[in-house]
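Everything on this sheet refers to the single structure shown next.
The values are calculated or read from the model by the stated rules, or taken from the named source; none is laboratory data. Quantities reported herein were computed from a predicted structural model and do not represent experimental measurements. Here the Cβ positions follow ideal geometry from the backbone for every residue, glycine too, while neighbour counts run over all protein chains shown.
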Amino acid sequence: LDELSRQRYLRQLIIPGFGEEAQRKLSDATVFIAGAGGLGSSAALYLAAAGVGCLRICDDDVVELSNLNRQILHNESRLGRNKADSAAETLRELNPSIRIEPLAVRITPENIGELAGRALFLVDCLDNVATRYILNRFAWKKGLPLVHGGINGMAGQVTVLVPGKTPCMQCLFPEEPPRGTIPVLGAAPGVIGSLLAMETIKMITGFGEPLLGRLFFWDGMTQEARTIAWKGIPDCPVCGGGPPGPMKP
Ligand SMILES: [Zn+2]
């Protein structure tokens, strides 16, 4: 690591067991972030701050005033601009030493491969299950880990989906829930997006114990949290129900 990187990342380099090797793995990694909304904001900010070498951030939406209670990558001067482009501007100001590749495109089954590019880690910061299914099928086809986060109101959940090691998104959401405007207090995607960044960093570096086959639920109303082991559905069309275990509770 050069002197500037040693300074920039000093406080994480001194975490016992982390060190320069983990930092080099981060700087060599490319991560695909699906969505530059509430979850994408805190996830991308912490991945950029931690020094992940390349972030491909994808969103075809434009910034609206009603986004600004939670989507902290954006601000009032960016109203009407594409969210991926706005995100790239914020992230480059935060950490100019990494690469940010904005993708102002809607994710489809046809273009997901091109959008993910050389990313070996996928982060689900989406707001709908239909697009999550696309990301899930791609992850299973390519054997790539997919870090999932979801929020609703004052609560949220996180898990890490890994082909061959865990059940998949289709098992987590066997049916597509009806679409509608989801209520959100901005601090909720702040919490869950931070956890997405943390799980992604753990997957990249091999540091810590990621949420494989474990689902973390957090309720901001009571500040109760729990982690449960979960199983796939036996006839899942994507993963076939995942491996039988063992999964840690
Ligand atoms: Zn499945």
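For segment 171-192, the criterion of being within 14 Å of the ligand (Cβ to nearest atom) and without any contact (Cβ under 8 Å) to a residue 24 or more places away in the chain is met by at least one residue.
Could you identify the single residue in GLY113, GLY117, GLY143 that is surrounded by fewer than 18 Cβ atoms within 10 Å (Cβ to Cβ) and within 16 Å of the ligand (Cβ to nearest atom)? Lay out the reasoning, then the answer.
Values: GLY113 fails: within 16 Å of the ligand (Cβ to nearest atom); GLY117 fails: within 16 Å of the ligand (Cβ to nearest atom).
The conditions single out GLY143.
Looking across segment 235-244, just one residue is surrounded by 10 or more Cβ atoms within 10 Å (Cβ to Cβ) and more than 8 Å from the ligand (Cβ to nearest atom), and that is PRO243. Exactly one residue out of ARG226, ARG214 is at pLDDT 95 or above, within 23 Å of PRO174 (Cα to Cα) and crowded, with 17+ Cβ neighbours inside 10 Å, and it is ARG214. Can LEU185 be described as under 19 Å from the mean Cα position of the chain (by Cα) and buried (at least 20 other Cβ atoms within 10 Å of the Cβ)? No: the conditions fail for LEU185.
Of all the numbered requirements in (1) surrounded by 21 or more Cβ atoms within 10 Å (Cβ to Cβ); (2) within 18 Å of PHE138 (Cβ to Cβ), LEU47 misses one, and that requirement is (2).
Of the candidates ILE151, ILE134, ILE107, the single residue that is surrounded by 14 or more Cβ atoms within 10 Å (Cβ to Cβ) and in contact with a Cys (Cβ under 7 Å, 6 or more places away or on another chain) is ILE107.
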